[in-house]
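The values are calculated or read from the model by the stated rules, or taken from the named source; none is laboratory data. Here the structure is a predicted model, which is why all the values come from computation and not from measurement. All Cβ positions, even for glycine, are placed from backbone atoms using ideal geometry, and neighbour counts span all protein chains on display. Surface accessibility is based on the protein's heavy atoms, side chains included, excluding ligands, DNA and RNA. Shrake-Rupley method; radii C 1.70, N 1.55, O 1.52, S 1.80 Å.
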Amino acid sequence: VVHAGDNDIRILKRDYGFIFKNIFDTYRAASLLGSSHLSLVNVVGQYLGIEFEKKKKMQRSRWDLRPLTEEQLHYAALDTAHLPDLYLRLEEELQKTGLEEEAVRIFADMTKIKWHKKDLDKEGYKKIARYYTLTDTQRERLKHLFRWRYGKAKEINRAIFMILSDQDLVELSALEVGSVNELKESGFL
């Protein structure tokens with residue numbers, strides 16, 4: 001039982017040669033049932049009536065460094081604590097609505113996914129929210145920052161969001177600074 005397990009499946013296949021069978025993805029099941037807010041917190045709240053909080057900062061922390069912090073261990077435990085009960089509840093809903101076979105097909109398809117190296121989308125910076133609110137000069141900065149982030153992530157083998165978020169790229173692009181010292185004075189660093 002996983003929640004939004006596509007990327008986990010890809011990475012575990014790529015790095016360790018894992019083979020998957022008989023998975024149940026609570027994200028996909030909730031989506032099939034018509035849920036529109038699909039974070040684990042929201043799905044658990046909707047189907048189990050349990051409220052809890054997960055900090056986005058923890059999701060994006062350095063999980064590759066050992067030992068994991070107490071906060072990371074707590075986050076990981078929360079990530080899985082409700083999955084067995086959620087699975088039972090969602091499976092029951094899928095059966096009631098006649099969507100069980102469709103779900104089984106979707107889950108089987110998930111076991112076939114593979115990791116593919118991502119190349120730089122040279123126009124990807126134009127898809128970032130707030131791109132069209134920037135001036136031409138700021139858009140040009142955003143383009144360069146977007147490409148720099150991709151190269152840096154590749155160089156140090158990290159996900160791009162661990163370098164800078166899209167929001168950070170936009171904020172940096174909008175700053176009118178000419179040096180690192182001015183950037184520090186702006187409060188961004």
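Laid out as a table, the results:
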read-out	value
Where N is the number of residues in segment 63-189, Cα Rg divided by 2.2 N^0.38 Å	1.54
C-alpha long axis of helix 70-81 to longest principal axis of the chain, angle in °	40 degrees
Fraction of alpha-carbon pairs over 20 Å apart in segment 24-135 - percent	60 percent
Solvent-accessible area of residue 6 with every protein chain in place, 1.4 Å probe, in Å² to the nearest 10	30 Å²
Where chymotrypsin sites (Phe, Trp or Tyr not before Pro) fall in DSSP loop in segment 137-168, at most 10 other Cβ within 10 Å	none
For residue 109, solvent-accessible area (1.4 Å; no DNA, RNA or ligand), Å²	60 Å²
Above-threshold pairs, the threshold being 20 Å between Cα atoms, out of 13/118; 56/112; 117/154; 13/122; 118/152; 13/56	56/112; 13/122; 13/56
Virtual paramagnetic centre 7 Å along Cα→Cβ of residue 19, amide N under 15 Å, in segment 94-113	111-113
Most mobile of 66, 130, 158 in a GNM of the chain (Cα contacts under 10 Å)	66
GNM flexibility winner over the chain from 132, 75, 47 (Cα, springs under 10 Å)	132
Expected 222 nm ellipticity per residue - DSSP helices of 4 or more, -39500 (n - 2.57), all of the chain, to 500	-16500 deg cm²/dmol
Residue 19 accessible area, 1.4 Å probe, all protein chains in place, Å² to nearest 10	150 Å²
Cα-based helix-to-principal-axis angle, 100-110 vs the chain, degrees rounded to 10	40 degrees
Nearest 10 degrees, 0 to 90: helix 83-97 Cα axis against the chain principal axis	70 degrees
